[in-house]
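Everything on this sheet refers to the single structure shown next.
The values are calculated or read from the model by the stated rules, or taken from the named source; none is laboratory data. It should be emphasised that the depicted structure is a prediction, and the values quoted were computed from it without experimental measurement. Counting neighbours? That spans all protein chains shown, and the Cβs are built from the backbone with ideal geometry, glycine included. The area values use the complete protein model at the heavy-atom level, side chains included, leaving out ligands, DNA and RNA. Shrake-Rupley method; radii C 1.70, N 1.55, O 1.52, S 1.80 Å.
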Amino acid sequence: FCIWVDGKLQLTMQPEQAIARYLADANADIAAVRNLRRDTIDHEFAWIDSWLCPKGPAPSRPALHAQAAAASGTASAACEAVRAQMKQYELEQKTGASSSSAAAWKEQTSVIEGALLFLDLRSTATQCFLCNWFNEYVRFGERDQLAFSYVMHVQRPRPNLLLLPRRLHWSVTVEDDTALCYNATEDDARTLALRFQHASGAARAPYLSLRRRTRPARKGV
């Protein structure tokens, strides 16, 4: 078995208990937390595209334009990579299925939070999935959630995926996490807070036994 815990989280239960609860008892090959805000692969792509692909006007002064172009070179390459990735997935689904199923394939996908994974490495389906997931990651760019969503949709045999509900998400609060981590407006934060009320501290189920790591404040902040 393998448990991946991102550096921003801390597992506060025994690993054996986590494996028993989220894999063995659930008859799952892979367990992960459902993404807090996005449901399907096109939702995830739209969010990534909004971050990587700037849509604002170019600076009017040539010097500023050159400076901005140099600074955004890496971001531009990442933007092109993620758009090529999604375009390839759409092409594969269009050419490999009937028109009706090709139009609906995105609705059949799901998006996870990659910061916490439970994996049964004895499962052949899990082994194949990890290879395919990594190959997609190398094939396009550093957008592992897009690759996870797509491979989970197309691979056969497909691993038995347990999606842990959003009420188990480790965000401190929806409002703070949205405003600080996702660069949302205050109105956006309030809207998401109403939509995902179960993610607030008072209603969060306690048995996942995860917590977000707290970082010491920097001097002068």
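Key figures
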item: Check: region 8-53 dipole with +1 on Lys, Arg Cβ and -1 on Asp, Glu Cβ, in debye; result: 220 debye
item: Distance from region 113-137 to region 1-54 (C-alpha centre basis), Å; result: 12 Å
item: Cut-off 15 Å between beta-carbons: net charge of the residues surrounding PHE134, Lys and Arg +1, Asp and Glu -1; result: -1
item: Most to least accessible of TYR89, TYR137 (protein chains only, probe 1.4 Å); result: TYR137, TYR89
item: Accessible solvent surface per residue of region 78-168, calculated while the other protein chains remain in place, 1.4 angstrom probe, Å²; result: 51 Å²
item: 1.4 Å probe accessible area per residue over region 1-49, in Å²; result: 47 Å²
item: Residue-span extension gain [ASP49 to VAL154] - 0.36 nm each, minus C-alpha spacing; result: 35.5 nm
